[in-house]
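The values are calculated or read from the model by the stated rules, or taken from the named source; none is laboratory data. This one's a predicted model, so the numbers in the text were calculated from it and none came from an experiment. Backbone-built Cβ (ideal geometry, glycine too); neighbour counts: all protein chains shown.
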Amino acid sequence: MKIIGVSGFARSGKDLFARVAQNVLEKQGSKIEKYALAYELKNDLKDLIHNKVGIDVFTENTEEKNIIRPLLVAYGDVMRKVSMGKYWTNKIEQKIKQSNADVIFITDIRYDVYVEDECTWLQNKQGGKLVHITKFKQEPMPSGRRFSKNKIVKIYNSAANDHEMLNDPKVKSKAERQCINSIVQGSAADLIKLAMINVHSELMELSRKTNTIKFRAKRIYPGGGLYKRLDDVRLCMSIHDELIYEVPKEPEMIGNLVGLIKETMENNILHLKVPLRVKVRCGDVWGDLQEINNDNLYNEI
């Protein structure tokens, strides 16, 4: 038996996906069953809502759905909290144990808060697969924007409410990934800026104390100022966590610069408990650089 959970915003096509997949698999001879956690939720409240509000809990009327949705969401959350996420999955699990289907679709997997919540229950306990459905429409890009001519943009279906947005597994995992990446990438960006400043200072100091390189040399005619074209070392660009320098093709000078830049970037930026490791690559063109170190420097060059 295989179990497939389907997640996505309301009206994104979860039931449609399950129906299409069911038709395809049944033609191949497989026995298919579909379950929904929402059905169990509505079944619990159908008498209460019908008696108090006069609305059929399984209504297809959008206005009536909007009226009863807050009650359904609140009740569903309460039962998940008191059972640590197990209340609704236990109901579905009983049906799965009694089923002899080849494939079971669960068309509304959403939550991943507790240890045995819907997503973890599906993937870890049942060994199922989670499929996320996203609905979008294609529209021409608004005119006046750069490169807007003949461009088509995708307008994605939005969440019905904040509760659905906060508990969608794909949206949640994306937000968590962005939070972690912002710290890592932000720190890397700060470090590479410090590296540029410190390497610049070390090159100026080396140029001032020795005659091995020329860096920020003064103009030879009146007017003063700095003249970059006389520099032996030029910072061409920075790319993410890389610094690209242009230097003369002289093995001895390259050896000195590799040692200075590597030492500065590894030890003279911040005093960290975890050491920074710097790899150095060298070549005639940026697209064909070979990694080098002090041991094989002269052989590589």
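Inspect the stretch 47-57 for any residue being part of a helix (DSSP H, G or I) and either touching a residue at least 40 places away in the same chain (Cβ under 8 Å) or touching a strand residue (DSSP E or B) at 6+ places or on another chain (Cβ under 6 Å) (or both) and give the result as yes or no. Looking through the stretch 47-57, none of the residues is part of a helix (DSSP H, G or I) and either touching a residue at least 40 places away in the same chain (Cβ under 8 Å) or touching a strand residue (DSSP E or B) at 6+ places or on another chain (Cβ under 6 Å) (or both). Criterion applied to L276, L243 was being modelled with pLDDT under 85, outside any helix (DSSP H, G or I) and not β-branched (V, I, T), and the one residue passing it is L276. Taken together, F9, F17 contain a single residue that is at pLDDT 90 or above and either crowded, with 17+ Cβ neighbours inside 10 Å or not charged (D, E, K, R) (or both), which is F17. Kindly indicate whether K262 is out of contact with any helix residue (DSSP H, G or I) (no Cβ under 8 Å at 6 or more places or on another chain) and part of a loop (DSSP other than H, G, I, E, B). Considered against the rule, which asks whether it is out of contact with any helix residue (DSSP H, G or I) (no Cβ under 8 Å at 6 or more places or on another chain) and part of a loop (DSSP other than H, G, I, E, B), K262 comes out as no. Looking only at the stretch 109-119, decide whether some residue is at pLDDT below 90, in a helix (DSSP H, G or I) and surrounded by 17 or more Cβ atoms within 10 Å (Cβ to Cβ). Yes, some residue in the stretch 109-119 is at pLDDT below 90, in a helix (DSSP H, G or I) and surrounded by 17 or more Cβ atoms within 10 Å (Cβ to Cβ).
Taking the conditions exactly as written (surrounded by 16 or more Cβ atoms within 10 Å (Cβ to Cβ), assigned by TED's automatic domain parsing to the domain that holds K125 and either within 24 Å of K97 (Cα to Cα) or modelled with pLDDT of 90 or more (or both)), does D56 satisfy them or not? The answer is no for D56.
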